[in-house]
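J.: I have a structure I would like to understand better, so I am pasting it below and will then ask my questions one at a time.
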Amino acid sequence: MNNEDTKTPVAGAVDRAPDVAAMFDELAPKYDLGNRVLSLGLDQGWRRRALAALHDSGQGTVLDLCAGTLDLTQMLVDHGAAHVHSVDFSAQMLAHGASKIEDESRVTIHCKDARDLPLDDNSVDAIIAGFGLRNVPEVHLALAECARVIRPGGHIAVLDFFQPVGLVSKALSGSYNRMVVPVVGGLITGFKDSYRYLHESMGAFCTADEFVALMDDAGFDATAQSMFPPVAHLVSGSRRDS
């Protein structure tokens, strides 16, 4: 497993990314446990849906964007990806996930900003991002980078907690994220303020339909579908040829 652990800041950028990365560095040891408890184990099923949305592109070279503790990276390897580039801005999240990787020759880890990907143009067949892009300032820049590195026709799948739309989704997401996430997440990990930020990041993110529009602007044809329960969405599609 190759490990590229240098961070390249975006030129001229002054944003929250360093502070958010530091927060995830602190959360890293208990991040997986928090996810499993808070999602009642449903998060792994959501990830499998995202993998399926990559179709045959997922058998080639894949970018796991905002890779965190590398759950999706190992799932990609298990599903036959030829090679996975795992990118995240939190060194400790990546370090804690490294023990999950069973075939190190098929994974390269990069501690880098999603807006400055360390990959060549048209160098990956597919991209997957699980619950991380809402933490990226100027997410349109990250999507532009995705469009740069993926080959035309390659598939992309973005799984995230978008801003809810509709009475049922708003009621479920609002009450759960406002009350359960900070309290339970704080009890499990000892970082209540961090889980309060995670709740706030969901409310500050765009809707799934707005994200589809951003992807269209970046050069992707994509659609959104709600997961069960309707607190998470999967936005998936492919890179246009031109």
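The numbers here are math on the coordinates, done by the rules we state, and not lab data. Since we're looking at a predicted model, the values are computed, not measured.
J.: Would you mind computing Rg(Cα) / (2.2 N^0.38 Å) for region 61-140, counting N as its residues?
T.: Relative to the rule-of-thumb radius for its length, region 61-140 sits at 1.00.
J.: Separate question: For a bin width of 10 Å, list the pair-distance distribution of region 92-136 built from all Cα-Cα distances, rounded to whole %.
T.: Computed distribution, short to long bins: 18, 54, 28.
J.: Then there is this: Please list the non-local residues whose amide H lies under 5 Å from the amide H of G60, H modeled 1.01 Å from N, same-chain partners needing a gap of 5 or more.
T.: A82
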